[in-house]
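Enquirer: I'd like to ask you about the structure that follows.
The values are calculated or read from the model by the stated rules, or taken from the named source; none is laboratory data. None of the values given here were measured: they were computed from a predicted structure. Backbone-built Cβ (ideal geometry, glycine too); neighbour counts: all protein chains shown.
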Amino acid sequence: MKKLLFIGSLALAPYFSSAQDIFDKYEDNDKVTFVAMQPKMFQMLGKMSVNSDDPEAKEFFELVNSITSFKVITTDDAAISKDVDSWVANRLKSSSFEELMRVRDGDSNVKFYVKEGKDDDHVKELLMFVTGMKDIDINGKKLETVLLSLTGDINLKSVSKLTDKMDLPGGDQLGKASKKSN
């Protein structure tokens with residue numbers, strides 16, 4: 001389950017971005033894996049040809065076109081993990097984020113936070129924070145913390161459908177959370 005949570009985190013990575021200060025701080029640090037996708041990348045993905053008969057592909061590209069930025073950092077370093085945890089706590093206190101959901105599996109904790117968008121189904125920012133993944137080993141590194149940030153005009157229903165299709169954890173909860181807010 002922990003590996004599935006991590007893979008889900010990476011798969012959802014393109015759906016989260018903002019608060020560049022923590023990302024900028026660690027982007028060149030050797031103890032951190034850093035991924036960033038800028039608006040130009042999403043524009044290029046959105047221009048790919050889509051089979052008009054495939055509604056799932058259309059929905060995916062609509063979702064991609066709604067994203068303006070994506071950033072993710074992962075680390076197994078305890079000091080960096082603590083700094084990221086502090087940053088998330090401070091960001092939540094000083095911003096208008098609302099907790100969307102939490103998932104706990106053993107020692108792993110996954111938390112989703114959103115910043116309100118144009119209506120109940122849309123968010124301006126989706127922040128995912130994962131801690132306690134000590135059993136996941138990627139390229140010889142034990143992952144402890146994942147922080148993912150996605151900004152844009154993000155439709156939670158589309159994210160939910162995409163995660164459901166990919167059988168990723170949290171997809172059905174995202175769908176339920178979106179329906180409750182209506």
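Enquirer: With respect to Lys25, is the statement that it is farther than 16 Å from Gly132 by Cα and at pLDDT 90 or above true?
Expert: Here the answer is yes, as Lys25 does meet what is asked.
Enquirer: Then there's this: Any residue at all in the stretch 75-87 that's assigned to a strand (DSSP E or B), modelled with pLDDT of 90 or more and within 13 Å of Thr33 (Cβ to Cβ)?
Expert: Yes, there is a match, as at least one residue in the stretch 75-87 is assigned to a strand (DSSP E or B), modelled with pLDDT of 90 or more and within 13 Å of Thr33 (Cβ to Cβ).
Enquirer: Residues in the stretch 105-117: is at least one surrounded by fewer than 19 Cβ atoms within 10 Å (Cβ to Cβ) and either without any contact (Cβ under 8 Å) to a residue 12 or more places away in the chain or of a type in the set (Ser, Thr, Tyr) (or both)?
Expert: No, the stretch 105-117 contains no residue that is surrounded by fewer than 19 Cβ atoms within 10 Å (Cβ to Cβ) and either without any contact (Cβ under 8 Å) to a residue 12 or more places away in the chain or of a type in the set (Ser, Thr, Tyr) (or both).
Enquirer: How many residues are of a type in the set (A, V, I, L, M, F, W, C) and closer than 22 Å to Glu125 by Cβ if we restrict to the stretch 70-79?
Expert: The total comes to 3.
Enquirer: Now for a different question. Kindly provide the set of residues from the stretch 61-71 that are surrounded by 19 or more Cβ atoms within 10 Å (Cβ to Cβ) and either assigned to a helix (DSSP H, G or I) or not polar (S, T, N, Q) (or both), ordered by number.
Expert: Leu63, Val64, Ser66, Ile67, Phe70, Lys71 - these are the residues of the stretch 61-71 that are surrounded by 19 or more Cβ atoms within 10 Å (Cβ to Cβ) and either assigned to a helix (DSSP H, G or I) or not polar (S, T, N, Q) (or both).
Enquirer: Within the stretch 22-81, can you find the residues that are basic (Lys, Arg) and closer than 21 Å to Thr151 by Cα?
Expert: Within the stretch 22-81, Lys25, Lys40, Lys47, Lys58, Lys71 qualify.
Enquirer: Taking the stretch 102-133 on its own, how many of its residues are of a type outside the set (Val, Ile, Thr) and within 15 Å of Leu147 (Cα to Cα)?
Expert: Of the residues in the stretch 102-133, 13 are of a type outside the set (Val, Ile, Thr) and within 15 Å of Leu147 (Cα to Cα).
Enquirer: Look through the stretch 32-73, keep the residues that are among the hydroxyl-bearing types (Ser, Thr, Tyr) and modelled with pLDDT under 90, and return whichever of them is farthest from Thr131 (Cα to Cα).
Expert: Step by step, filter the stretch 32-73, then rank; the result is Ser52.
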